[in-house]
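These notes are about the structure you will find just below.
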């Protein structure tokens, strides 16, 4: 007698592997976030130092009237502007690194998640125990029609895989 499902002799290791990969990605994101925080603190300290030095420069200008001292202070201010710009560039680079890492693991920098696939119109999400034949039967299609809608899909389906059914 012909069976409606193709069954595997062993339980799927997918949930365990997915959990391990998820934890690893979480650790990577945490490390990147700590690095970004450190870069932000460094930039903040650089900005605070620049502000303090600018205040000192203002006091120096008020007390020193000679042109050479004024020019030296102008050079110091220019150097501080460069340091501040570098600090902000470092923070921006750290932010981009974290954002790319989050997007690379399938997330979004806006805090959304892709956990749990959702079938759209004309789609079916493969569940444990499904077979191509059973999905075709549930969808009112022949096995050939389902295979024609999903070229390249083999009989070894993966849980969470999306198939076209219309």
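By other beta-carbon atoms within 10 Å, ranking 135, 20 with the fewest at the front produces 20, 135.
The gain in end-to-end length when the residue 25 to residue 154 segment is fully stretched comes to 43.5 nm, 0.36 nm per residue minus the alpha carbon separation. Shown for 130, 82: other C-beta atoms within 10 Å of each C-beta, ranked fewest to most, produce the order 82, 130.
FYI, it's all coordinate maths here, none of it is from the lab. All of these numbers come straight from a predicted model, not from anything done at the bench. Note that we place each Cβ from the backbone using ideal geometry, even for glycine, and neighbour counts take in every protein chain shown.
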